[in-house]
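First comes the structure, then the notes that go with it.
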Amino acid sequence: MAATRSFTALGSMSSKPLIVICGTTGVGKSKLGIELALALSSKSTHRNHSYRGARVINADSMQVYVGMDVITNKVTPEERCGVEHLLMDYKKPGEQLTGPEWIRDAIQVINETHARDEVPIVVGGTSYWIQHLIFPERMASFYKPSGEPTSKSVPSPPSEAYANALACLPSEMLSLFNNLPEAAPSADMDPHLTMSLHQLLTMLDPLVAQRWHWRDSRKVLTNLRIIQENRRLASEIIREQSQTTSKPRYRTLCFWLYAKPDVLKPRLDERVDQMIAQGLLNEIRTLRAIVAAGTSSATEGIRPTESKPHMDYTLGIYQAIGYKEFHEYLSAAEPSEAAFREAVEQMKLGTRRYAKRQVSWLRNKLLPAVNAANAAARVENDMPVVPLYLLDATELGDAWKMNVHDVAGRITNAFLQGEALPDPLTLSQTASEMLTVGDLPTDPVAVLTAHQRTICDVCTLDPVQPVMVDASKWEMHVRSRGHRRMTGKRTRGTHIISEHSRQQGSGSEESLDQNEVRES
């Protein structure tokens, strides 16, 4: 019972439980979520706690869309075994769902699930969403002084820094700020507007602007809206967030499913082959038809959209791995077998890269945040507030039952009953290795300043579309083949033009037009 008392003593954190299952694509997250939900619904397993069952809440940013079951790798209705799945199939393919919108929806269904005396189990690979669901007051889009989501109907008083920054804007930039586009522009299709938005953010809030590449128009536009709606600079909000220790919204148990890369890679490749056999190309053709016709009527159960969707591989369902990779093959007048094989290989490569990025986020973002919250809690309660366990899902079959299913079941029951939990590092050698990370920053300001971007003048050919590099990767960039090649071109070009100028008696090479250097 001491565990229960320590959990409820944490102020604003709900004592209601939340179970989270995260991990890379292809490790069995959905399988475990269904298994836990079925176990909690069994009369023989919930007699020692008050919960009557469980519901699965989708946290995969692609599975929120209606249809497209193959390309998003949804579990089939049969595989769900009657377990209710929420926040799945509730958006149209042409729509864009943001992180704050999903979090608001997730909070609503979590609270509804608690009201039914059931346990919400959040399952998915979109770790950014999961992290900000667990830890409130770390997403500026949700900011207002009370810590609740901002209300547009009751604007907060403007800060002095906001007023001063606005007063310094040129008239054309002030007009842009007052008339921000509804949707983020494509950097490829509208580079001028994309760069103008980044320049506007730079004038208003340079610290935040340097965090994002000018091509990342969605992040840039989001920060501009944060400034506009809160009438405070985004960096001001982030500094205020840094003054408090982030506590979880709910009493949260995390399971991180992990498979070793040498086993996961062929498993992911095989899954791509299975997706193609199950009709992946037909789904991609449907998506292409939606874009071409400006209607989602090609997908069953979806009403036609009012306007033609914008063709952008960085938005909505069009981010799904496979859509972009098969573009050239499906666009060809006479698709070739070679083009098909190349598309398949690119999809497999993209899937493997995505899995690698997922592991990186969990180790470098979520895990440090969890460790920081648990460390702060131990000072007061000697009890972790977000116990996180890595389950080794490298092997399937009997090994899955022993290493994943059984372990997760025992820990879940102990968690719900308020019993002592095992040390996460003791579950396996893999858990000990993967859960041991260095001292990584979790403070929002530290994270912001650690990834400032700078323009590489050597690689920039067009000032309207500058090459920007994360400062933490600058040394890697200057050693890259592309940068060295551009340095050589600039050096040779400067030498040629300088010699020409000397012969013509024109003097300083600093007065030369940059285009001449490029062309040489």
Neighbours of residue 227 by Cβ distance under 11 Å: Lys/Arg at +1, Asp/Glu at -1, summed charge 0
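Arrange the following residues from fewest to most other Cβ atoms within 10 Å of their Cβ: 411, 107.
Lowest to highest Cβ neighbour count: 107, 411.
Local charge sum around residue 163 (other residues, Cβ-Cβ under 14 Å, Lys/Arg +1, Asp/Glu -1)? List each step's numbers first, then the result.
Details: positive: 231, 232; negative: 160, 205, 236.
Overall, the nearby charge balance is -1.
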Determine, for each peptide in 261-274, 21-34, the mean count of other beta carbons within 10 angstrom over its residues, then list the peptides with the highest first. 21-34, 261-274
Most exposed first, judged by fewest Cβ atoms within 10 angstrom, 326, 135, 255, 340 run 340, 135, 326, 255
Quick one: which residues, 5+ away or cross-chain, put their amide H under 5 Å from the amide H of residue 55? H built at 1.01 Å from N. 119, 121
Rounded to the nearest 0.05, FRET efficiency between residue 163 and residue 484 (Cβ-Cβ, R0 41 Å) equals 0.35
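Based on Cα coordinates alone, diagonalise the gyration tensor for region 311-421, multiply each eigenvalue by 5, take square roots, and list the semi-axes in whole Å, largest first.
After diagonalising the Cα gyration tensor, the semi-axes are 43, 19, 11 Å.
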Going down the table (265/401; 365/473; 260/401; 265/348), which pairs top 20 Å between alpha carbons? 265/401
Could you please report the charge total around residue 287, scoring K, R as +1 and D, E as -1 over all other residues with beta-carbon less than 12 angstrom from its beta-carbon? +3
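Laboratory data are not the source of any read-out in this text; all were calculated from the coordinates shown. Bear in mind that the values here come from a model prediction, so they are computed numbers and not experimental data. Positions of Cβ are backbone-derived with ideal geometry, glycine not excepted, and every protein chain shown enters the neighbour counts.
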